[in-house]
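Structure first, then comments.
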Amino acid sequence: MKICEIHIGKLSIPLRKPFKTALRTVHSAEDIVVKLVADCGAIGYGNAPPTAVITGDSQDSIVAAIRDILAPKIIGFDVDNLEGISTVLDGALLHNHSAKAALDIAAHDLFGKRVGVPLYKLLGGFRSSLESDLTISLNDPEEMARDACAAVAAGYSALKIKVGNEPATDLTRVRAVRGAVGDAVRIRLDANQGWGAKEAVRLIRRFEAEGLAIELVEQPVKAHDFDGLKYVTDRVNTEIMADESAFGPREVAQLIAMRACDSINIKLMKAGGLRNAVRIAHLAETADMRCMVGCMLESKIGITAAASLAAGKQIVNRADLDASVLLAEDPIVGGAQFEGNRLLLPDAPGLGIREIENWRHIATLPGHT
Ligand code: MG
């Protein structure tokens with residue numbers, strides 16, 4: 001089975017309500033999608049959301065990287081050589097991890113279809129369903145408390161609370177949410193690089209002193225500040241998770257060598273796809289560091305791929321895969337199913353995705369003259 005044609009397109013999916021973090025406010029999910037067509041007619045699906053503030057990738061840069069550099073390198077490749085495809089993608093240009101992830105995910109999907117096995121089983125098959133948390137956007141404390149209560153009423157027992165814009169208000173936010181949802185709900189915080197190291201230590205110690213029972217704090221300091229991250233990790237009892245700092249396998253190896261964090265948030269768009277994400281999971285497991293698998297604001301293609309990794313590997317003990325729940329529409333036919341706060345992996349080959357509806361075509365390779 002050889003890759004003979006690659007289609008690039010775009011999805012624009014409205015959100016149920018604006019998504020707000022310390023880094024940005026978003027009103028719709030924009031997603032670049034790819035279809036890898038094999039000579040037998042089978043199709044592999046992949047995606048790349050442009051998350052410029054985190055990955056540095058824009059819509060135009062993703063399309064250009066795929067169309068002009070990456071896709072021509074894998075047309076004609078045998079799908080059986082999945083390792084070869086991922087290696088060629090990784091070596092074809094620096095950075096551009098989202099564009100690489102789109103093609104790597106699609107190649108894994110096609111490989112799963114080729115061998116007739118669901119992707120989560122190819123990646124280990126440790127479990128077939130997952131519990132996801134739900135993200136509460138950064139707003140004023142009262143609105144966040146209301147959103148948290150609505151999430152608990154909808155069946156969520158773990159919430160990821162966005163903080164990181166102003167420490168005094170962040171303390172009020174966390175108190176308001178904990179007060180509103182009670183003690184039974186697990187609360188994770190994500191500061192999205194919004195605090196200084198000393199500020200983070202003061203604040204997290206305050207959460208601890210007030211008994212706010214914070215399960216973990218994600219990325220308290222700037223992505224590049226590994227020393228600051230270690231400073232925080234060494235000085236608080238609360239679990240500190242690296243997200244934006246833990247970009248690809250090399251960064252994770254460095255974080256582990258420094259013991260700069262307690263756990264790792266793996267995202268396919270940071271890692272550059274499933275092959276590198278698996279490398280991260282294995283590095284973390286070797287160092288006895290637990291992993292969460294997270295996502296960007298993206299369509300269900302990437303969510304199903306990330307869920308397949310999370311389900312496949314025992315070292316992944318948390319999933320933050322709520323993007324599909326934040327979207328007002330689902331144009332992806334097949335893939336993971338949502339039942340309340342649980343994701344069920346498809347019992348179909350690859351990602352189990354059958355079609356993308358309402359996508360706007362951008363380019364087809366090879367170009368026809
Ligand atoms: Mg995060």
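Screening region 273-369 for strands (runs of 3 or more DSSP E) wholly inside it with 2 or more residues that are in contact (Cβ under 8 Å) with a residue 40 or more places away in the chain returns the ranges 290-294, 316-320, 342-344, 353-356, 360-365. Does Ile332 qualify as being closer than 18 Å to Arg16 by Cα and away from the ligand (no atom under 16 Å from the Cβ)? For Ile332, the condition - closer than 18 Å to Arg16 by Cα and away from the ligand (no atom under 16 Å from the Cβ) - is met. From the set of residues in region 1-52 that are part of a strand (DSSP E or B) and among the acidic types (Asp, Glu), which is farthest from Gly334 (Cα to Cα)? The extreme case among them is Glu5. Screening Gly112, Gly125 for residues that are assigned by TED's automatic domain parsing to the domain that holds Asp80, in contact (Cβ under 8 Å) with a residue 60 or more places away in the chain and not hydrophobic (A, V, I, L, M, F, W, C) leaves exactly one candidate, Gly112. Filter region 3-25 for residues that are within 16 Å of the ligand (Cβ to nearest atom) and in contact (Cβ under 8 Å) with a residue 12 or more places away in the chain; which is surrounded by the fewest Cβ atoms within 10 Å (Cβ to Cβ)? This residue is Arg24.
Restricted to helices (runs of 4 or more DSSP H) entirely inside region 61-118, those with at least 3 residues that are on the phi < 0 side of the Ramachandran plot and either within 24 Å of the chain's Cα centre (by Cα) or among the basic types (Lys, Arg) (or both) are 82-92, 97-115. Note on region 155-187: residues that are within 14 Å of Gln219 (Cβ to Cβ) and either in contact with a Ser or Thr (Cβ under 6 Å, 6 or more places away or on another chain) or crowded, with 21+ Cβ neighbours inside 10 Å (or both) amount to 6.
Among the residues of region 279-326, the ones that are modelled with pLDDT under 95 and more than 16 Å from the ligand (Cβ to nearest atom) come to 2 in all. Only one of the listed residues (Ser86, Ser61, Ser28) is of a type in the set (Ser, Thr, Tyr), more than 16 Å from the ligand (Cβ to nearest atom) and without any contact (Cβ under 8 Å) to a residue 24 or more places away in the chain. That residue is Ser28. When each of Ser86, Ser28 is tested for being farther than 24 Å from Val278 by Cα and small (Gly, Ala, Ser), the lone residue that passes is Ser28.
Buried (at least 24 other Cβ atoms within 10 Å of the Cβ) and charged (D, E, K, R), is that true of Asp60? So Asp60 does not fit the description; no. Of all residues in region 248-263, at least one satisfies being in contact with a Lys or Arg (Cβ under 8 Å, 6 or more places away or on another chain), part of a helix (DSSP H, G or I) and either in the same structural domain as Ala319 (by TED's automatic domain parsing) or more than 14 Å from the ligand (Cβ to nearest atom) (or both). Taken over region 189-220, residues that are in contact with a helix residue (DSSP H, G or I) (Cβ under 6 Å, 6 or more places away or on another chain), away from the ligand (no atom under 16 Å from the Cβ) and assigned to a loop (DSSP other than H, G, I, E, B) amount to 1. For the condition free of Cβ contacts under 8 Å to residues at least 40 places away in the same chain and farther than 20 Å from Leu11 by Cβ, Gly76 does not qualify. Applying the set (1) among the basic types (Lys, Arg); (2) closer than 30 Å to Pro141 by Cβ; (3) surrounded by fewer than 20 Cβ atoms within 10 Å (Cβ to Cβ) to Lys267 leaves exactly one unmet item: (3). Are any of the residues in region 199-213 buried (at least 17 other Cβ atoms within 10 Å of the Cβ), in the same structural domain as Tyr156 (by TED's automatic domain parsing) and under 19 Å from the mean Cα position of the chain (by Cα)? No, because not a single residue in region 199-213 is buried (at least 17 other Cβ atoms within 10 Å of the Cβ), in the same structural domain as Tyr156 (by TED's automatic domain parsing) and under 19 Å from the mean Cα position of the chain (by Cα).
The values are calculated or read from the model by the stated rules, or taken from the named source; none is laboratory data. All values derive from a computational prediction rather than experimental measurement. All Cβ positions, glycine included, derive from the backbone under ideal geometry; neighbour counts span all protein chains shown.
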